[in-house]
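Everything below concerns the one structure shown next.
The values are calculated or read from the model by the stated rules, or taken from the named source; none is laboratory data. Given the structure is predicted, the values throughout are model-derived calculations rather than measurements. Here Cβ is always computed from backbone atoms with ideal geometry, including for glycine, and neighbour counts include all displayed protein chains. Heads up: the accessible areas ignore ligands, DNA and RNA and are worked out on the full protein's heavy atoms, side chains in. Shrake-Rupley method; radii C 1.70, N 1.55, O 1.52, S 1.80 Å.
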Amino acid sequence: MASQQQQSRKMHEQISEEEKRELDQRAAQGETVVPGGTRGKSLEAQERLAEGRSRGGQTRKDQLGTEGYQEMGKKGGLSTTDKSGGERAEEEGIPIDESKYTRNK
């Protein structure tokens, strides 16, 4: 499976200079043109943001292990603007095993 960084590099190499300019203009206007590149003000900035976010997620997954990372994502995926994932899980009876991603010091 290719990383997001490799996919971004491959995409960047395959598009024409004209397409790069167009994407750069759209990014400057606030549009997200690279998945994970939210808030980047240029094509290059969005590519760097996406790469960093991907690397950060991989680091967290390495730290927690796959099972812990998935459990943490399950809780985060339940969150809404007015309730945390933990609150929703409790209300809806969804079991979250926090021991999979927390460490006692």
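Does the range 32-41 include one or more residues that are part of a helix (DSSP H, G or I), at pLDDT below 95 and not hydroxyl-bearing (S, T, Y)? I'd like the intermediate steps shown before the answer.
The first filter runs over the range 32-41 and keeps only residues part of a helix (DSSP H, G or I), leaving none.
Looking for residues that are part of a helix (DSSP H, G or I), at pLDDT below 95 and not hydroxyl-bearing (S, T, Y), one finds none in the range 32-41, hence no.
Out of all the residues in the range 77-105, which are surrounded by 12 or more Cβ atoms within 10 Å (Cβ to Cβ) and among the small types (G, A, S)?
If the condition is that a residue be surrounded by 12 or more Cβ atoms within 10 Å (Cβ to Cβ) and among the small types (G, A, S), then S79, S84, G85, G86, A89 are the ones that fit.
Of all residues in the range 50-65, how many are open to solvent by less than 70 Å² (accessible area, probe 1.4 Å) and farther than 24 Å from G40 by Cβ?
Total satisfying the criteria: 2.
Among the residues of the range 50-83, which ones are more than 22 Å from S99 (Cβ to Cβ), in a helix (DSSP H, G or I) and basic (K, R)?
The answer is R53, R55.
Here is a list of conditions, (1) in a helix (DSSP H, G or I); (2) loosely packed, with under 13 Cβ neighbours inside 10 Å; (3) within 17 Å of the chain's Cα centre (by Cα), and E47 meets all of them except one; can you say which number that is?
Of everything listed in (1) in a helix (DSSP H, G or I); (2) loosely packed, with under 13 Cβ neighbours inside 10 Å; (3) within 17 Å of the chain's Cα centre (by Cα), E47 misses just condition (2).
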